[in-house]
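The values are calculated or read from the model by the stated rules, or taken from the named source; none is laboratory data. It should be emphasised that the depicted structure is a prediction, and the values quoted were computed from it without experimental measurement. Positions of Cβ are generated from backbone atoms using ideal geometry, with glycine treated the same way; all protein chains shown enter the neighbour counts. Remember, those area values only see protein heavy atoms, side chains included, never the ligands or the DNA or RNA. Shrake-Rupley method; radii C 1.70, N 1.55, O 1.52, S 1.80 Å.
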Amino acid sequence: MIEERPVGRLLREWRLRRKLSQLDFAIQAGVSARHVSFVETGRTIPSSSMVLHLAEHLGVPLRERNRLLVAAGHAPVFRERPLDDPDMARAREAVQQVLRGHEPYPALAVDRRWNLLLANDAAEVFLDGADPALLRPPVNMMRLGLHPDGLAPRLRNLDQVRAHLLPRLARQAAQTGDPELHALHEELRSYAPPHEAPPPDPADIALPLHLTWRGAELSLINTITTFGTPFDVTLEEIAVEAYFPADPQTARFFR
């Protein structure tokens with residue numbers, strides 16, 4: 001359960017996460033430092049428009065903007081509907097279109113906690129052979145990727161992948177303040193002792209996933225796509241990961 005805190009305290013926490021002084025934040029947001037101080041100490045309760053204004057300049061996620069509004073005594077303004085809600089049919093179809101359009105290569109959609117929402121058929125390359133317990137919904141792709149009973153045994157550059165994913169997850173947990181992401185990070189750290197990752201290959205353009213599947217040696221790189229300027233909490237938190245072949249052999253295999 002999330003402890004309910006005053007809006008001023010919540011805004012101060014977000015300001016500190018962004019490593020901004022009160023003065024720097026005030027200048028960035030176009031308000032006085034005195035006003036920022038009064039809001040943070042509870043001497044002033046900001047209007048809903050001011051809450052949204054300050055949250056915008058702090059880069060606060062929509063889910064947390066709703067929380068700020070409620071803490072200030074206002075109604076939330078951003079809706080949150082599951083992806084299978086009838087009102088989300090157009091958004092779901094858009095995500096599915098991206099996933100289908102990326103075939104024959106793997107693509108999948110995850111939520112803010114890396115839980116699998118949708119995937120195309122080629123994404124089986126990541127799921128095949130995993131412990132059934134890891135495939136029970138919600139399937140967490142971070143856990144699946146680094147778990148000893150998941151994808152990890154098939155990753156030929158596991159140390160490299162761990163060295164990339166764990167700091168990324170730690171940053172995400174710190175930036176959002178999500179306790180479940182913090183717990184996931186601690187869990188993934190416990191799977192294996194850290195090893196020094198080998199330096200990147202000068203020929204690589206991005207960190208590849210080197211994995212084995214059905215007797216083949218595959219190399220993939222990925223891109224991440226998000227919705228632009230969403231007004232729905234669920235849409236803002238969806239990320240589509242599309243994987244591309246990193247070498248001609250992998251491209252021929254999928255085709």
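Relative to the Cα centre, what is the charge dipole magnitude of the chain, using +1 at the beta carbon of each Lys and Arg, -1 at the beta carbon of each Asp and Glu, and rounding to the nearest 20 debye? Could you put the intermediate results ahead of the total?
On the way: 30 positive and 33 negative charges, 161 e Å.
So the dipole magnitude of the chain works out to roughly 780 debye.
Round to a whole number: what % of the accessible area of the stretch 103-255 belongs to carbon and sulfur, probe 1.4 Å? Let's see the in-between values first.
Numbers: 4430 of 7880 Å².
Carbon and sulfur atoms account for 56 percent of the accessible area of the stretch 103-255.
Using the Cα centre as the reference, give the magnitude of the dipole from point charges on the C-beta atoms of the stretch 76-185 (Lys, Arg: +1; Asp, Glu: -1; all else neutral), rounded to the nearest 20 debye. Spell out each step's value before the answer.
Values: 14 positive and 15 negative charges, 73 e Å.
Around 360 debye, computed over the stretch 76-185.
Note the full-extension length gain between SER47 and ARG90 as 0.36 nm times their separation in residues minus their Cα-Cα distance, in nm to one decimal. Can you show the working numbers first?
Details: separation 43, 0.36 × 43 = 15.48 nm, distance 3.32 nm.
That pair, SER47 and ARG90, stretches by 12.2 nm at full extension.
What order do GLU4, GLU103 take when sorted by accessible area (1.4 Å probe), most exposed first?
Working: GLU4 130, GLU103 80 Å².
The residues order as GLU4, GLU103, largest area first.
Convex hull volume of the Cα atoms in the chain, per residue, in Å³? Walk me through the numbers before you get to the answer.
On the way: hull volume 39.8 nm³, N = 255.
Per-residue hull volume (Cα only) is 156 Å³.
If contacts are Cα pairs under 8 angstrom and at least 6 residues apart, what is the relative contact order of the stretch 104-255 in percent? Don't skip to the answer; put the middle values down first.
Numbers: 213 pairs, mean separation 39.0, N = 152.
The value is 26 percent.
For the stretch 137-205 and the stretch 2-78, write down the distance between their C-alpha centroids in whole Å.
32 Å
Determine the relative contact order of the stretch 1-111: mean sequence separation of Cα pairs under 8 Å and six or more apart, normalised by residue count, in whole percent.
Values: 86 pairs, mean separation 23.9, N = 111.
Averaging sequence separation for qualifying contacts and normalising by length gives 22 percent for the stretch 1-111.
Kindly work out what percent of the DSSP beta bridges joining two residues of the chain are antiparallel, to the nearest 5. Before the final figure, lay out the partial values.
Numbers: 21 of 22 bridges.
So the antiparallel bridges in the chain amount to around 95 percent.
Counting only C-alpha contacts under 8 Å and six or more residues apart, can you give the relative contact order of the chain as a whole percent? Intermediate values should be presented prior to the final figure.
Numbers: 338 pairs, mean separation 44.8, N = 255.
After rounding, I find 18 percent.
Can you work out the accessible area per residue across the stretch 114-254, with the rest of the protein chains kept in place, probe 1.4 Å, in square angstrom?
52 Å²
Between ARG156 and ARG136, how high is the FRET efficiency from 1/(1 + (r/R0)^6) when r is the Cβ-Cβ distance and R₀ = 30 Å? Nearest 0.05. Walk me through the numbers before you get to the answer.
On the way: r = 27 Å, r/R0 = 0.90.
Efficiency, from the Cβ-Cβ distance: 0.65.
So what's the back-of-envelope 222 nm ellipticity for the chain, counting only DSSP H runs of four-plus at -39500 (n - 2.57) apiece and dividing by all residues, rounded to 500?
-13000 deg cm²/dmol
Could you state the accessible area per residue of the stretch 10-85 in Å², with a 1.4 Å probe and every protein chain left in place? Kindly include the intermediate steps, with their values, before the conclusion.
Values: 3980 Å² over 76 residues.
On a per-residue basis, the stretch 10-85 sits at 52 Å².
TRP14 accessible area, nearest 10 Å², 1.4 Å probe?
Roll a 1.4 Å probe over it and TRP14 shows about 10 Å².
What are the residues whose amide H is under 5 Å from the amide H of ARG79, where those residues sit 5 or more places off or on another chain and H is modelled from the backbone?
Sorted by chain and number, the residues that satisfy this are VAL233.
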